[in-house]
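Below you'll find the structure, written out as structure tokens, and then a few comments.
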Amino acid sequence: MKIIHISTTDIDGGAALAAYRLHKGLQRAGHDSGMFVERKCGCDESVTAFVPPNDLVERIKRRWRRFEINRDFRSHRQSRPPGYERFSDDRTVHGAEIVSQLPPCDVVNLHAIDEFVDYQGFFSALPRRMPIVWRLADMNAFTGGCHYDHDCGRLSSGCGSCPQLGSKNPDDLSRRVWKRKQQAFSVLEQKRLHIVALCRWMAALISESPLLSRFPSSIIPNGVDLEEFAPRDQKFAREVLGIPHNAHVVMFVSDEVTNRRKGFSLLSEALAGLAHDADLFLVAVGRGQAPVSGIPTLQVGHVGDNRWLSLIYSAADIFVIPSLQDNLPNTVLEAMACGTPVVGFAVGGISDMVREGITGCLVPPHDVVSLRLTIKSLLFDRTKTKTMGDQARRLAVNEYSRELQVRRYVDIYKALL
């Protein structure tokens, strides 16, 4: 059985990393797995990069497709409010060309495919007997273009008048994208596509989606490498990072620190109320600046090495994830595997992973006061944080190992075949 994972990139960003980790987990378990991407960032020979055809006809086709996509989005460039994440069209410049370069396989496993896979071109050109598994990294597969809808609710009625486009037009780009996705999915037989949700929140959205609810689905959380992400000696970690040994250390991680959905501004507000408490220290990991007035801060930037990242998790007393909407963030699994308790808002898949009072604590979304008080109560009770950290590691081992994730996917592949 040959599995090919399709993703826009291999290791750039959390969604791509999760796909790559599943691919490597399958290989480690002895399965024939490969990865097919638009943009290859690593040097793994098992990852194949798509090469756009360079003949004149194909170059003209790509140029025309790019013109059409840009033309349709042009009217929204000025109206789009600031602070939102990317908005992805269902069309790409590649059309059906991707299928012609797809490595031979028995099963296709889709991941985050925005701006790489053209929905209508891909699904219509893929061999009709080829089964498809789609691990949904976010909501984009069943929206009119956004990756998280910020609870606007319009996806259930076909989108349109999109807040993220700053649009009042019911037949705007989001509506047209949604309708084209509906048409692309309509050609697929019901049992040919199996949807994988990462958490109960995503599974509920899928069951309510007019686009995807007719397809079978399962919940399979991401797995974490329990050898690379493991508790390290905290004293040593702090010495390496230059963090005072007696500091009360809060950690925040996001691919983009300034991503509004990830809620760093709310964490900053919560920590500002603790600025006068002794020895408070913040570690921020990710691209972009994270200014927190009055609080000593170590801004690490982007970290691509897992063992180095596990050392940073181990240096922290608690990991805080103030996301306002999220699927199943890898960062929570990584922190738990490193024995670091988690504090966050009770949203999305975070509620699946964090067991209240056992592996961490959750507070209502946007409740900065409760977030501040919870952070303070854990930071100044090292016995409690140590106990929670041990339980977090135990939960990661028992429920979120990569080996368990691989077995669950293999069961789906075999059933489809």
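In segment 4-32, the residues that are on the phi > 0 side of the Ramachandran plot form Cβ pairs under 7 Å with partners that are not in a loop (DSSP other than H, G, I, E, B), at six or more places apart or across chains, as follows: Gly13/Asp255. Scan segment 37-51 and give yes if some residue there is touching a strand residue (DSSP E or B) at 6+ places or on another chain (Cβ under 7 Å), open to solvent by less than 20 Å² (accessible area, probe 1.4 Å) and assigned to a loop (DSSP other than H, G, I, E, B), otherwise no. Yes, some residue in segment 37-51 is touching a strand residue (DSSP E or B) at 6+ places or on another chain (Cβ under 7 Å), open to solvent by less than 20 Å² (accessible area, probe 1.4 Å) and assigned to a loop (DSSP other than H, G, I, E, B).
Within segment 289-301, being part of a loop (DSSP other than H, G, I, E, B) and either open to solvent by less than 40 Å² (accessible area, probe 1.4 Å) or modelled with pLDDT of 85 or more (or both) holds for Ala290, Val292, Ile295, Pro296. If you go through segment 1-19 and keep only what is over 13 Å from the mean Cα position of the chain (by Cα), crowded, with 19+ Cβ neighbours inside 10 Å and aliphatic (A, V, I, L, M), you end up with Ile3, Ile4, Ile6.
Just one of (1) modelled with pLDDT of 95 or more; (2) assigned to a loop (DSSP other than H, G, I, E, B) fails for Lys168. It is (1). Of all residues in segment 68-98, those satisfying the criterion of being in contact with a strand residue (DSSP E or B) (Cβ under 9 Å, 6 or more places away or on another chain) and modelled with pLDDT of 90 or more are Thr92, His94, Ile98. Can you find even one residue in segment 185-196 that is polar (S, T, N, Q), in a helix (DSSP H, G or I) and open to solvent by 10 Å² or more (accessible area, probe 1.4 Å)? Within segment 185-196, one or more residues are polar (S, T, N, Q), in a helix (DSSP H, G or I) and open to solvent by 10 Å² or more (accessible area, probe 1.4 Å).
Of all residues in segment 197-210, which are outside any loop (DSSP other than H, G, I, E, B) and not charged (D, E, K, R)?
Ala197, Trp201, Met202, Ala203, Ala204, Leu205, Ile206, Ser207
All conditions in (1) surrounded by 22 or more Cβ atoms within 10 Å (Cβ to Cβ); (2) of a type in the set (Asp, Glu); (3) free of Cβ contacts under 8 Å to residues at least 60 places away in the same chain hold for Asp171, with the sole exception of (1). Yes or no: segment 209-229 includes at least one residue that is aliphatic (A, V, I, L, M), open to solvent by 10 Å² or more (accessible area, probe 1.4 Å) and closer than 30 Å to Ala315 by Cα. Yes. Taking the criterion of being within 21 Å of Tyr84 (Cβ to Cβ) and assigned to a loop (DSSP other than H, G, I, E, B), would at least one residue in segment 302-310 satisfy it? Looking through segment 302-310, none of the residues is within 21 Å of Tyr84 (Cβ to Cβ) and assigned to a loop (DSSP other than H, G, I, E, B).
Report yes if Val363 is modelled with pLDDT of 95 or more, more than 27 Å from Asp233 (Cα to Cα) and in contact with a strand residue (DSSP E or B) (Cβ under 8 Å, 6 or more places away or on another chain), otherwise no. Considered against the rule, which asks whether it is modelled with pLDDT of 95 or more, more than 27 Å from Asp233 (Cα to Cα) and in contact with a strand residue (DSSP E or B) (Cβ under 8 Å, 6 or more places away or on another chain), Val363 comes out as yes. Residues that are aliphatic (A, V, I, L, M), open to solvent by 10 Å² or more (accessible area, probe 1.4 Å) and assigned to a loop (DSSP other than H, G, I, E, B) within segment 108-136 comprise Ala112, Met130, listed in sequence order.
The values are calculated or read from the model by the stated rules, or taken from the named source; none is laboratory data. Note that the structure is predicted; figures quoted are calculated from it, not measured. Don't worry about glycine lacking a Cβ; one is built from the backbone with ideal geometry, like all the others, and counts go over all protein chains shown. Please note that ligands, DNA and RNA were not included when accessible areas were found on the heavy atoms of the full protein model with its side chains. Shrake-Rupley method; radii C 1.70, N 1.55, O 1.52, S 1.80 Å.
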